[in-house]
Amino acid sequence: MTMHSTLLAAATLAILSTAPTGAAHPLRAAAAGDQVPAALAAAPLPPDQSEREPLAFAWALDPARPLQAPAPYVAISRSYWLQVDATELQRGLALPLTAPDAVIQLSPAPGARALSAGSLQLRDPAGRSSGAHMVDARVLQDAGMPVGEGTRMLRSGATSMAGVYRLQSRQARGRYVVQVLEPNSPLRLEVQASHSRVLAGDSLQLQARLREDGAGSPQAGTPRSGFGGHALLVAPDGRSWPQQLRPMPDGSLRAQVRIPADVGNTQGLWELQVFAQADGALRDGAVAFAAALPTARFSGQATADPASRRVSVSLQVAAAGRYEARGTLYASAADGQLKPVAQAHAAAWFEGPGQGALVLPFDQAALPAGFGPPYELRDLQLQDQSRMASIESRAAALRF
């Protein structure tokens with residue numbers, strides 16, 4: 001058996017020896033919202049050792065409880081951050097605040113001077129000392145916050161007014177990061193990506209909205225005027241690409257973001273960071289998503305046996321690794337309606353490029369009384385466990 005044949009021999013015996021003997025069926029054509037690789041790409045294995053033992057299991061679902069897809073994630077921010085140099089702090093850094101009790105954190109970058117409490121002042125819009133409460137890094141660290149040495153945090157106070165404050169220190173040397181959190185502000189930035197997972201070279205849409213809530217607001221829930229900003233696509237390995245945000249008629253900002261074909265080998269989530277402003281107010285937000293190299297895919301065929309309810313899905317593999325198939329079985333009730341009755345997972349090690357299969361053992365889950373064929377396989381997914389990547393997904397895959 002060569003490296004380019006199929007599964008590792010042990011995985012083949014364990015997983016395929018009990019493959020269903022039913023008829024072969026083509027998978028349904030991909031629908032809108034499905035993620036299907038157009039082409040495959042080889043990739044090196046991560047340095048961490050992957051589990052190589054095959055595994056397959058299933059469990060029953062209550063058909064009376066319909067499954068619901070999770071709602072699209074929306075990141076909400078009432079904060080912003082700035083990278084500033086010593087000159088800006090020496091003359092007074094402008095910090096727009098929209099509500100009382102704001103929290104301001106100042107952290108020196110490597111090589112910058114740590115500022116003493118006496119040298120740091122926060123002045124209110126009238127130019128007076130704000131009387132902000134201040135704590136140092138040791139207090140923050142004792143409270144469990146992972147902050148660096150020299151970090152200081154200020155709180156503007158419950159009686160502070162909205163407006164432009166100035167953070168000043170004539171002792172500043174080097175660069176600093178200033179983070180501002182306004183937990184009581186009615187102004188929030190909402191950031192959303194059209195997909196939570198994409199393939200290398202694919203695109204997704206980024207949307208940003210600025211909302212202002214409050215019973216006294218004449219435009220509660222609507223964005224302020226002058227809303228604009230820019231975005232940044234950031235890879236897990238630190239690479240970044242600027243993205244242009246375009247204003248839309250509905251008041252939102254949007255960008256069509258293309259993921260590079262070279263996603264790198266560093267594991268972790270990608271981020272889309274948004275930096276926005278409106279009428280002098282600032283907000284930053286970020287949304288994370290997974291970007292995967294398509295190292296394998298369903299080859300488009302499955303063998304299903306209605307008697308045993310076992311489904312074998314064939315794979316095309318381009319890189320060695322451990323791959324997992326998972327899916328949900330829907331069965332017909334007495335009235336003919338399809339209901340979810342079981343979920344199954346199957347994973348095995350693939351030695352290298354070639355063909356293979358994984359068997360979803362739905363027979364391990366007892367079928368509820370009154371349910372039977374025809375069946376439908378839904379929410380079929382393919383995972384590259386070695387690289388922690390979601391490669392393919394089909395909302396409706398097979399009827400048998």
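The values are calculated or read from the model by the stated rules, or taken from the named source; none is laboratory data. None of the values given here were measured: they were computed from a predicted structure. Note that we place each Cβ from the backbone using ideal geometry, even for glycine, and neighbour counts take in every protein chain shown.
Tabulated data
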| item | result |
| --- | --- |
| All positions within region 245-272 that are among the β-branched types (Val, Ile, Thr), surrounded by 14 or more Cβ atoms within 10 Å (Cβ to Cβ) and part of a loop (DSSP other than H, G, I, E, B) | ILE259, VAL263 |
| Candidate set: region 128-182, residues that are at positive phi and either of a type in the set (Val, Ile, Thr) or modelled with pLDDT under 90 (or both); chosen: the one farthest from the chain's Cα centre (by Cα) | GLY131 |
| Single condition PRO146 does not satisfy, out of (1) free of Cβ contacts under 8 Å to residues at least 40 places away in the same chain; (2) of a type outside the set (Lys, Arg); (3) part of a strand (DSSP E or B) | (3) |
| Hits in region 353-375 (condition: within 16 Å of ALA307 (Cβ to Cβ) and not hydrophobic (A, V, I, L, M, F, W, C)) | PRO361, ASP363, GLN364, GLY372, PRO373, PRO374, TYR375 |
| In region 253-276, the residues that are of a type outside the set (A, V, I, L, M) and modelled with pLDDT under 95 | ASP262, GLY264, ASN265, THR266, GLN267, GLY268 |
| Checking ALA31 against (1) touching a strand residue (DSSP E or B) at 6+ places or on another chain (Cβ under 7 Å); (2) farther than 24 Å from TYR323 by Cα; (3) part of a loop (DSSP other than H, G, I, E, B), the condition it does not meet | (2) |
| Residue check, VAL317 within 30 Å of ALA235 (Cβ to Cβ) and either in contact with a helix residue (DSSP H, G or I) (Cβ under 7 Å, 6 or more places away or on another chain) or among the β-branched types (Val, Ile, Thr) (or both) | yes |
| Residue among ALA288, ALA395, ALA365, ALA333 that is assigned by TED's automatic domain parsing to the domain that holds VAL198, surrounded by fewer than 19 Cβ atoms within 10 Å (Cβ to Cβ) and modelled with pLDDT of 95 or more | ALA288 |
| Cβ pairs under 6 Å, 6+ apart, first in region 189-204 and part of a strand (DSSP E or B), second charged (D, E, K, R) | LEU189/ARG283; GLU190/ARG209; SER203/ARG258 |
| Only listed residue being more than 30 Å from TYR73 (Cα to Cα), in contact (Cβ under 8 Å) with a residue 12 or more places away in the chain and among the basic types (Lys, Arg), chosen from ARG322, ARG297, ARG283, ARG309 | ARG309 |
| Failed item in (1) of a type in the set (Asp, Glu); (2) surrounded by 14 or more Cβ atoms within 10 Å (Cβ to Cβ); (3) assigned to a loop (DSSP other than H, G, I, E, B), with GLU88 passing the rest | (3) |
| ASP124 vs. criteria modelled with pLDDT of 95 or more and farther than 14 Å from MET134 by Cα | no |
| Options PRO96, PRO63: the member that is part of a loop (DSSP other than H, G, I, E, B), at pLDDT 95 or above, on the phi < 0 side of the Ramachandran plot and crowded, with 17+ Cβ neighbours inside 10 Å | PRO63 |
| Selected residue (criterion: nearest to GLN121 (Cα to Cα)) from residues of region 168-188 that are hydroxyl-bearing (Ser, Thr, Tyr) and in a loop (DSSP other than H, G, I, E, B) | SER169 |
| Only one of ARG283, ARG297 that is under 23 Å from GLY321 (Cα atoms), over 18 Å from the mean Cα position of the chain (by Cα) and not polar (S, T, N, Q) | ARG297 |
| For LEU329: the one exception among (1) assigned to a strand (DSSP E or B); (2) farther than 19 Å from LEU67 by Cα | (2) |
| Flag if ALA389 is within 24 Å of VAL263 (Cβ to Cβ), crowded, with 23+ Cβ neighbours inside 10 Å and at pLDDT below 95 | yes |
| Pairs, first closer than 16 Å to LEU338 by Cβ in region 60-72, second charged (D, E, K, R), C-beta under 6 Å, six or more apart | PRO63/LYS339 |
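Residue-wise test of (1) free of Cβ contacts under 8 Å to residues at least 24 places away in the same chain; (2) in contact with a helix residue (DSSP H, G or I) (Cβ under 9 Å, 6 or more places away or on another chain); (3) under 29 Å from GLN383 (Cα atoms); (4) of a type in the set (A, V, I, L, M).
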position	(1), (2), (3), (4)
PRO242	yes, no, no, no
LEU253	no, no, no, yes
PRO260	no, no, yes, no
PHE289	no, no, yes, no
